[in-house]
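Report on one structure; see the data block that follows.
Here, each number is a calculation from the coordinates, and none is a lab measurement. This is a predicted model, so every value here is computed, not measured. FYI the Cβ positions are ideal-geometry reconstructions off the backbone, even for glycines, and counts take in every protein chain you see.
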Amino acid sequence: MEKKELVKVKNLKVVFESRFDRREILRGVDFSLNTNETVGLVGVNGSGKSTFAMTLMGLLPKNAKIVSGSISIDGMDMLVKSVKRGPYDRKSDDALINKGIEKLRGRFITMVTQEAASYLDPLLNVGYQIFESVLFHDEDRLIKRIESRDALNNDILSKYVKLLTAKDYNGADKFLDENFNIYVKEQILSIIRRDDLTDEDKKNLILALGRTRLNSFQRFIISNRSLASKIPGFSRILKRLLYEEGYRLAGEILGLMGLDTSILRMFPNQLSGGMLQAVMVASAIINNPRVIIMDEPASSLDPIAQYRLFNLLNKIKKNFDLSLILIAHDITLLSRFADRIVVIEDGAIVEAGDASDIINNPSNEYTKNLVRSVIKI
Ligand SMILES: Nc1ncnc2c1ncn2[C@@H]1O[C@H](COP(=O)(O)OP(=O)(O)OP(=O)(O)O)[C@@H](O)[C@H]1O
Ligand SMILES: [Mg+2]
């Protein structure tokens with residue numbers, strides 16, 4: 001796939017203002033992330049890592065202000081000049097706001113923080129919490145998945161499986177593109193791309209897609225949704241179909257992540273902290289983001305859990321066509337996963353480059369200290 005700059009930040013300046021002072025937290029940050037790349041952002045506590053992530057995501061607190069610079073994501077400029085709407089509007093005319101992100105947040109680019117797992121609802125099973133956002137914001141996707149599976153032509157499906165059996169993978173790819181819509185394609189790919197299944201299992205699962213037909217009553221309800229949602233008994237059937245599809249989709253994501261799908265029906269208290277983080281990642285990935293920012297705040301630092309999570313993210317990168325921004329204090333940890341490392345000190349980038357170069361030959365004094373401090377421990 002061609003390399004493309006997904007995130008490009010130039011000379012970004014952000015200040016925090018209070019009634020008494022004004023502190024420059026990001027002092028002209030340059031940053032970039034390419035397709036399928038993992039970039040590690042490293043710096044000590046308070047160096048501005050989270051502020052940078054929040055600026056990208058358009059989630060800065062009210063007292064923070066983007067003073068200058070540019071952010072482009074997927075080639076589009078994100079920042080616009082803020083305009084005061086009235087005498088009580090606290091915005092000042094010289095500030096920039098990250099308006100562009102509103103359409104991309106949670107979809108093109110998303111963020112998972114370590115404490116996010118603590119916001120999981122203890123009363124809801126994790127499967128539901130993985131597909132919840134799809135249910136509320138993209139119900140149509142669930143419907144289309146159900147409908148297009150229902151309409152699958154078994155002959156075409158077995159032709160596709162024959163190509164796989166003949167190991168004609170180019171032919172199979174072409175056939176996949178030409179004969180299936182995106183909703184079926186995502187279901188087929190979620191089988192093909194799994195490493196834990198044998199070829200035989202994969203073929204059987206693909207053929208099984210053509211055997212999950214709706215009955216005529218369910219079909220009626222699906223195609224007359226607005227009517228069905230007004231009739232109590234009907235709306236319950238519709239809801240059940242949507243939920244089942246949600247669990248199915250969540251299971252596909254977990255399978256692709258190499259995780260056990262039996263956790264779908266478990267509750268958060270039944271899972272380890274590391275698994276809960278993986279669940280958070282799954283709930284982010286379900287919306288097909290291209291970029292994930294993983295911010296590890298100092299307070300919840302558990303080196304082993306962090307290692308596992310970074311490892312998982314890096315492993316699934318290819319399956320989900322992701323690019324990653326990993327944020328941490330530990331530069332040696334980051335260097336194991338990142339292609340490039342960007343070092344931030346006191347709101348400014350002091351060093352950036354190839355991960356192994358930086359770790360073996362840090363040129364900056366601050367970076368040298370980061371490397372030394374970690375190795376000593
Ligand atoms: N809401 C806020 N209001 C005022 N100052 C803030 C606010 N949030 C952060 N800061 C300040 O901005 C600076 C950078 O903080 P930030 O959280 O971005 O650092 P960090 O690199 O993520 O640190 P950590 O490694 O501890 O997570 C700090 O000096 C912090 O005190
Ligand atoms: Mg932070």
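Odds and ends about this structure:
- Summing Cβ point charges (Lys, Arg +1; Asp, Glu -1) relative to the Cα centre of the range 126-264 gives a dipole of roughly 580 debye.
- Estimated FRET transfer efficiency (Ala166, Arg336; beta-carbon r; R0 25 Å; 0.05): 0.05
- Too-long pairs where the Cα-Cα distance tops 23 Å, listed order kept, from Lys239/Lys317; Lys10/Lys49; Lys159/Lys203: Lys239/Lys317
- Within-11-Å neighbourhood charge of Gly251 [Cβ basis; K, R +1; D, E -1]: -2
- Antiparallel %, DSSP beta bridges [both residues in the chain], to 5: 60 percent
- Label reach from Lys315 (point 7 Å along Cα→C-beta): in the range 237-270, amide nitrogens under 12 Å belong to 255-260.
- Under-5 Å amide H pairs with Lys99, H placed in peptide plane, nonlocal only: Val80
- Segments 211-217, 153-159, 276-282 sorted - mean Cβ within 10 Å per residue, highest first: 276-282, 153-159, 211-217
- Ranking of Met275, Met76 by count of other Cβ atoms within 10 Å, fewest first: Met76, Met275
- From least to most packed, judged by other beta carbons within 10 angstrom and beginning with the fewest, Arg308, Arg265 follow the order Arg265, Arg308.
- Extreme residue, positive dipole direction of the range 126-264, given options Ala228, Ile146, Leu238 (C-beta unit charges): Ala228
- Net length available on complete extension from Ser68 to Asn288 is 76.1 nm, with 0.36 nm assigned per residue and the Cα-Cα distance removed.
- Summarising the label geometry, the points placed 7 Å from Cα in the beta-carbon direction at Lys3 and Thr35 lie 1.3 nm from one another.
- The mean sequence distance of close C-alpha pairs (under 8 Å, at least 6 residues apart), as a share of the length of the range 126-264, puts its relative contact order at 40 percent.
- Cross-link pairs beyond the 24 Å C-alpha cut-off, checked among Lys185/Lys315; Lys144/Lys174; Lys8/Lys368: Lys8/Lys368
- Amide H to amide H distances under 5 Å link Thr38 with Leu324, Asp339, Arg340, where only residues 5 or more positions off or on other chains count and H is placed in the peptide plane.
- Modelled this way, with points 7 Å down the Cα-to-C-beta line, the labels at Lys368 and Ser18 are 3.6 nm from one another.
- Calculated [θ] (222 nm, deg cm²/dmol) that DSSP helices of n ≥ 4 give over the chain, each run adding -39,500 (n - 2.57): -14000 deg cm²/dmol
- A simple spin-label model places the labels of Leu123 and Lys103 3.8 nm from each other, with each point 7 Å out along Cα-to-Cβ.
- Residue (of Ala64, Ala116, Asn34) at the positive-pole extreme of the range 1-134, dipole from beta-carbon charges: Ala64
- Relative contact order of the chain: 26 percent, from C-alpha pairs under 8 Å at least 6 residues apart in sequence.
- For the range 50-102: relative contact order, % (alpha-carbon pairs under 8 angstrom, 6 or more apart): 38 percent
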